[in-house]
1. For residues that are among the β-branched types (Val, Ile, Thr) and closer than 22 Å to residue 201 by Cβ, scanning just region 33-52, find the one that is surrounded by the fewest Cβ atoms within 10 Å (Cβ to Cβ).
2. Just for region 104-134: of the residues that are closer than 19 Å to residue 185 by Cα and outside any helix (DSSP H, G or I), which one is modelled with the lowest pLDDT?
3. Can you name the residue in region 1-41 that is among the polar types (S, T, N, Q) and at pLDDT 95 or above and is also nearest to ligand 1 (Cβ to nearest atom) among such residues?
4. Does region 72-94 contain any residue that is surrounded by fewer than 19 Cβ atoms within 10 Å (Cβ to Cβ) and assigned to a strand (DSSP E or B)?
5. Would you check if residue 57 is in the same structural domain as residue 187 (by TED's automatic domain parsing) and more than 27 Å from residue 222 (Cβ to Cβ)?
6. Identify, please: which residue in region 1-38 is in contact with a helix residue (DSSP H, G or I) (Cβ under 8 Å, 6 or more places away or on another chain) and of a type in the set (Val, Ile, Thr) and is, among those, farthest from ligand 2 (Cβ to nearest atom)?
Amino acid sequence: MTQIDINSVSKSFPVQGGRLEVLDGVSLGARSGEFVSILGPSGCGKSTLFSLLTGIEAADSGELLVGGEPLSGDDNPFAWMPQNDVLFPWRTVLDNVALGAEVAGGLGRADARARARELLATFELEEFADSRPFELSGGMRQRAALARTVAQGRDVLLLDEPFGALDALTRTDLQLWLEQIWERERWTVVLITHDVREAVLLSDRVFVLGPRPATVRLELEIPLPRPRTLETLADPQVAALEHQLLTALDVGAYRAG
Ligand SMILES: Nc1ncnc2c1ncn2[C@@H]1O[C@H](COP(=O)(O)OP(=O)(O)OP(=O)(O)O)[C@@H](O)[C@H]1O
Ligand SMILES: [Mg+2]
């Protein structure tokens, strides 16, 4: 697996009458096979970090290292699941997943479909291979979108709020399910989330960004034993870790009157 380092990265965008400063010297990273989460207020620049890693945008300054080497154009190790990822409604679940293997994984059509079938088994979607996305529940669609991301055959997953649109119970279910798959695969994962508990439950390390222009406010190791299960949530450390993250996010700072 691959190590990712973002060192003192700044990024601004041109806007009418000047520039919008988004990232201000952000340093964070993920060790090989580490599960890292990024928390931060809406609009602070989290998704922008993924645009920089995937080469959609260029940083103004700072360095992005992949396996210790500067990020190079074509050959990057990232499978990216963008925020609000959508499945193609006219393709079956199987063909949506096969698309990841075909386009980004470089497989021919038959091999891509074979790989997609394997993944559907892992993602517990075998029975729905021939369904269209509208026939799935929200949680199943997110699993299919994750399967398509994994089908790209890369060893770093960039997940931008993959469970953002789900109800709390489905979400916890999928978190525990992702944990199980990750324990087996051990990809390097960078997860963007607004869910403090999700970050604690899944991560080895969490980075908290402040409001735009974002700096790193807190880097927190999550020393909970693995594998993490539903029982992990009853660990007294969880509340203390969540409290540290919420404090760094300024949650509860507002006082009425
Ligand atoms: N390509 C772009 N051109 C101009 N401005 C941009 C561009 N991409 C992002 N921005 C601006 O940069 C800021 C950060 O956006 P970004 O999408 O990274 O936030 P975010 O932290 O992911 O927010 P959210 O939690 O709501 O997803 C926003 O103010 C956004 O308007
Ligand atoms: Mg975002």
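The values are calculated or read from the model by the stated rules, or taken from the named source; none is laboratory data. Quick caveat: nothing in here was measured; it's all calculated off a predicted structure. Cβ atoms come from the backbone with ideal geometry, glycine included; neighbour counts cover every protein chain shown.
1. 36
2. Among residues in region 104-134 that are closer than 19 Å to residue 185 by Cα and outside any helix (DSSP H, G or I), the one modelled with the lowest pLDDT is 105.
3. 12
4. So far as region 72-94 goes, no, none of its residues is surrounded by fewer than 19 Cβ atoms within 10 Å (Cβ to Cβ) and assigned to a strand (DSSP E or B).
5. Details: in the same structural domain as residue 187 (by TED's automatic domain parsing): yes; more than 27 Å from residue 222 (Cβ to Cβ): yes.
Yes.
6. So, considering only residues that are in contact with a helix residue (DSSP H, G or I) (Cβ under 8 Å, 6 or more places away or on another chain) and of a type in the set (Val, Ile, Thr), the one farthest from ligand 2 (Cβ to nearest atom) is 4.
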